[in-house]
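Inspection log for the structure reproduced underneath, given as structure tokens.
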Protein chains: 4
Amino acid sequence: MTRADEAGRQAGVRLLAVAPGSAQTALTVQERHVNGHGICHGGYLFLLADAALAYACNSYGVSAVAAGADIAFLRPVPLGADLVAEAVERARTGRSGLYDVTVRHGDVVVAEFRGRTRQVPGLAQPT
Amino acid sequence: MTRADEAGRQAGVRLLAVAPGSAQTALTVQERHVNGHGICHGGYLFLLADAALAYACNSYGVSAVAAGADIAFLRPVPLGADLVAEAVERARTGRSGLYDVTVRHGDVVVAEFRGRTRQVPGLAQPT
Amino acid sequence: MTRADEAGRQAGVRLLAVAPGSAQTALTVQERHVNGHGICHGGYLFLLADAALAYACNSYGVSAVAAGADIAFLRPVPLGADLVAEAVERARTGRSGLYDVTVRHGDVVVAEFRGRTRQVPGLAQPT
Amino acid sequence: MTRADEAGRQAGVRLLAVAPGSAQTALTVQERHVNGHGICHGGYLFLLADAALAYACNSYGVSAVAAGADIAFLRPVPLGADLVAEAVERARTGRSGLYDVTVRHGDVVVAEFRGRTRQVPGLAQPT
């Protein structure tokens, strides 16, 4: 999994915890993540949530990928913020999964993400 | 706008074109964008599309921000791929906008993104 | 509110409960709701969830409308099923709200809906 | 197909046209479709769009179902309005499809819908 999330790690994402159907990731907003206004780029909020989703949907021992996701940006996130994304399985039917990922800055929710996943048993497990 | 998209630029996003209600951005998939399987992280596909959205929705001379977006990941994208994201306005009502962003690798569509925007006249224009 | 949800009521939707930020609606799947395969039309699952959303987002004494929603259809719903939709506020920022609506058949979740709302203070309150 | 869309027809939906990957449906907004404010219930706009989606995604001779959809409500629709929904295939990969459905009142777009479909070859073809 670590190699699998090499891109997330290079972007600054850290894995905090993973359990069957759930995961938590973290990101500290650095200069490279912010735009001219000193606000975190929405793309990195998505990337952080998507990383939590990837860990959560792969937590059952069968390879899975994100088929899509919706994100709602609720509040601007400043430089220096310590963000935590928490992914929780909402539903699972056959090979399809639905996960909610909440991104928080302290106690404040800054984004809500809902991801759609699909198990791909043929795909090599990330190691 | 350039300063505003500093984060996108640092992530490797280039602006190709912008016109009222539309924009095109590009990204070449590098080592830092891929996961263990050599596949581009979905977070960067989103970031590329989101950057095109930002340019397009700010093209009318009034500051606007993304309120949310949905992305469908259609095909895996390999290392080295030259991606182009094209944002087109789908609807505008009052301060709200709806934009479709198609991400292509050559002629092949690899992701479809639909972004929801909101004009924020009080916000300083990016320069 | 009852008059406001006249259309929902004519479609067979019943209001079970409403409280600040939440609401529950119910629908018994009848002949007029099913397709040739004896499966409830997705449009009525949406309508049921949307009605719960409308009650929940109007529960604060300020008129609000749905700006959009995403629904995931998880399992087919047979003729005769007693469905309950439960709307819960997920986030509120300024005039915007985000609500999750879960549609259940007994203990089984058959659809997950996420609605985006906007308060419109100028709009006459439904009575 | 007609039997399959019995529920849609009972709701007032008419099929205008169907071709491989596309379809058009229509609905005239009647008393039963409107709320207290004389505005068409969002659930029926969804149902109309969903019916167009169903015809379009079943147009290839293989049974398919909607896995989910997002709808953006852009403008209120008055009693008596003649609505047309036009579904167009946006992408197809393996058994998955993505369709855009635009709902118009005359020349004015009142809702934009994006549906996600899945072919289910085991399912009996609607007749």
Between C:A52, C:A19, which is surrounded by 24 or more Cβ atoms within 10 Å (Cβ to Cβ) and more than 7 Å from every other protein chain (Cβ to nearest Cβ)? C:A52
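So that you can scan it fast, the table gives a plain yes or no per residue for (1) within 7 Å of chain A (Cβ to nearest Cβ); (2) touching an Asp or Glu at 6+ places or on another chain (Cβ under 6 Å); (3) assigned to a loop (DSSP other than H, G, I, E, B); (4) touching a residue at least 24 places away in the same chain (Cβ under 8 Å):
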position: B:A7; (1), (2), (3), (4): yes, no, no, no
position: B:L15; (1), (2), (3), (4): no, no, no, yes
position: B:A23; (1), (2), (3), (4): no, no, no, yes
position: B:A26; (1), (2), (3), (4): no, no, no, yes
position: B:R32; (1), (2), (3), (4): yes, no, no, no
position: B:F46; (1), (2), (3), (4): yes, no, no, yes
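Here's the yes/no breakdown for (1) surrounded by 22 or more Cβ atoms within 10 Å (Cβ to Cβ); (2) modelled with pLDDT under 95:
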| site | (1), (2) |
| --- | --- |
| C:R9 | no, yes |
| C:G12 | no, no |
| C:L15 | no, no |
| C:G36 | no, yes |
| C:G43 | yes, no |
| C:A56 | yes, no |
| C:A69 | yes, no |
I'm checking my understanding of the structure. Among residues of the range D:23-34 that are surrounded by fewer than 17 Cβ atoms within 10 Å (Cβ to Cβ) and among the polar types (S, T, N, Q), which one is nearest to D:G97 (Cα to Cα)? D:T28
Could we say that D:N35 is of a type in the set (S, T, N, Q), under 18 Å from D:V120 (Cβ atoms) and over 10 Å from the mean Cα position of the chain (by Cα) here? no
Just the residues that are under 20 Å from B:G38 (Cα atoms) and surrounded by fewer than 20 Cβ atoms within 10 Å (Cβ to Cβ), please, taken from the range B:82-94. B:D82, B:V84
Out of everything in the range C:95-117 that is surrounded by fewer than 18 Cβ atoms within 10 Å (Cβ to Cβ) and of a type outside the set (A, V, I, L, M), what residue ends up being farthest from the other protein chains (Cβ to nearest Cβ)? C:G106
Consider D:V120 carefully, then state whether it is at negative phi, surrounded by fewer than 22 Cβ atoms within 10 Å (Cβ to Cβ) and of a type in the set (A, V, I, L, M, F, W, C). yes
Single residue of B:G68, B:G61, B:G97 found to be over 14 Å from the mean Cα position of the chain (by Cα) and part of a strand (DSSP E or B): B:G97
Looking at the range A:66-84, can you tell me whether even one residue there is over 23 Å from C:G115 (Cα atoms), of a type in the set (D, E) and either in contact with a His (Cβ under 9 Å, 6 or more places away or on another chain) or facing another protein chain (nearest Cβ under 9 Å) (or both)? yes
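The values are calculated or read from the model by the stated rules, or taken from the named source; none is laboratory data. In this text the structure is predicted, and so the values were computed from the model without any measurement. Heads up, the Cβs are rebuilt from the backbone with ideal geometry, glycines too, and the neighbour counts pull from every protein chain shown.
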